[in-house]
Amino acid sequence: MTVMIRFFATIHGLVAAMFVGISLLLMGSAGKTAWDALVGDDSANMAIEAIGLLSVSVVALQIAQTIIEEEVIRDSHVSAPTRVRRYLSRFLVVVVVSLSIEGLVATFKALHEDMGMLLQASSVLVATAFLLAGWGIFIKLNRAAEDVEPEAMADAKSEDAKLEE
């Protein structure tokens, strides 16, 4: 069983490395877009595009960090309510922030380029609001489950010590 756990930790590490690589590519693309915004005619829209690329890059980095910390360093198994809440919360905070930024970027682009796209941009923001509300409901309901298993919170906190080393 130890071999399988190491195998999965290795696979998680490779996936995290791929996220980091893609994030670096997105950062490079954002840098090029920002440079083009400085020297080009359509600077406002290109700057907004660079912000969108950077936000997706941050999401990729955060996902890589979460995978490394949760699956490789902590070697935790997402089964207890505390661990599920913490794992999903780390992921969803990045997704909600990124979708909010993308929704704002899309709104600015729609306002400056094609007003017909404003409905799609607002749909992204409305969906993000629903995701945030659903996440809040999940946390509230999950909190009650944590009260039933207080030892799970102690286990999760002890796993945090692995990151401080």
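Evaluated at q = 0.22, 0.23, 0.26, 0.33 Å⁻¹, the base-10 log of the normalised Debye intensity for region 1-45, with identical point scatterers placed on the Cα atoms, takes the values -0.74, -0.77, -0.84, -1.00.
Per-residue 3J(HN,Hα) values for region 134-144, derived from phi via the Karplus relation 6.51 cos²θ - 1.76 cosθ + 1.60 with θ = phi - 60°, read x, 5, x, 5, 4, 4, 4, 5, 5, 4, 5 Hz in sequence order (x marks Gly and Pro).
Counting residues in region 1-123 as N, plug N into 2.2 N^0.38 Å and put the Cα Rg over that result. Against the compact-globule rule of thumb, the ratio is 1.34.
Each peptide in 100-110, 27-37 gets a packing score, the mean of other Cβ atoms within 10 Å over its residues, and the list from highest to lowest is 100-110, 27-37.
Readers should treat all values here as calculations from the given coordinates under stated rules, not as data from a laboratory. Model, not experiment: these values are computed from the prediction. Cβ: placed from backbone, ideal geometry, glycine included. Neighbour counts: every protein chain shown.
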